Amino acid sequence: MLMRTDPFREMDRIVQQLSGTSGTWSKPSVMPMDAYRQGDAYVIAFDLPGVSTEAIDIDVERNMLTVKAERRPAEKSDGVQMELSERPLGVFSRQIMLADTLDTEHIEADYDAGVLTLRIPIAERAKPRKISIGGESGHKQISG
């Protein structure tokens, strides 16, 4: 059971949300993420706890990656009265401009333990390759 001991706590929470000083949990329009390179791919991990896979939409148009997710309120049973609600609900979205050097045709997505992980391979045309030089002395391979 939750006990309220501070009658001004709810007012403080509302003021913090309106002023934007309460941290990222009060801003449901943004989802935290990490992005890093791992071998021949870039990995992006989004925190989406409490979101079902059916409520996640991933779209790539040209080089713009858009991730949208919706966290809906839990189904309430008869006789349940909400005492405190701090978890953000609603639609979360994030757009990321991807470089031309990434292969957007082969993006892999995985969702586990509330984390959506996207793996975006580097395009073959962007990887280092050997280039032949022609001429009188024949062909020679150099790194390009």
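The values are calculated or read from the model by the stated rules, or taken from the named source; none is laboratory data. Since the structure is predicted, the reported quantities are computational estimates derived from the model, not experimental observations. Neighbour counts are summed over all protein chains in view; Cβ atoms, including those assigned to glycine, are modelled from backbone coordinates with ideal geometry. Surface areas here come from the heavy atoms of the whole protein model, side chains and all, with no ligands, DNA or RNA. Shrake-Rupley method; radii C 1.70, N 1.55, O 1.52, S 1.80 Å.
Observations on the model:
- Restricting region 29-49 to residues that are surrounded by 12 or more Cβ atoms within 10 Å (Cβ to Cβ) and farther than 20 Å from Ile122 by Cβ, the residue that is nearest to the chain's Cα centre (by Cα): Phe46
- Cross-chain or 6+ apart pairs with Cβ under 9 Å, region 35-52 first and among the polar types (S, T, N, Q), then modelled with pLDDT under 95 and part of a loop (DSSP other than H, G, I, E, B): Ser52/Arg72
- Taken over region 50-75, the criterion of being open to solvent by less than 60 Å² (accessible area, probe 1.4 Å) and in a loop (DSSP other than H, G, I, E, B) is satisfied by Val51, Ser52, Asn63.
- Top-ranked residue in region 101-122 [being acidic (Asp, Glu) and exposed (fewer than 14 other Cβ atoms within 10 Å of the Cβ); ranked as farthest from Asp40 (Cα to Cα)]: Asp112
- Residue within region 79-91 that is touching a strand residue (DSSP E or B) at 6+ places or on another chain (Cβ under 7 Å), open to solvent by 70 Å² or more (accessible area, probe 1.4 Å) and over 25 Å from Pro32 (Cβ atoms) present: no
- Of the residues Ala41, Ala35, Ala69, the single one that is at pLDDT 90 or above, in contact with a helix residue (DSSP H, G or I) (Cβ under 7 Å, 6 or more places away or on another chain) and within 30 Å of Thr101 (Cβ to Cβ) is Ala69.
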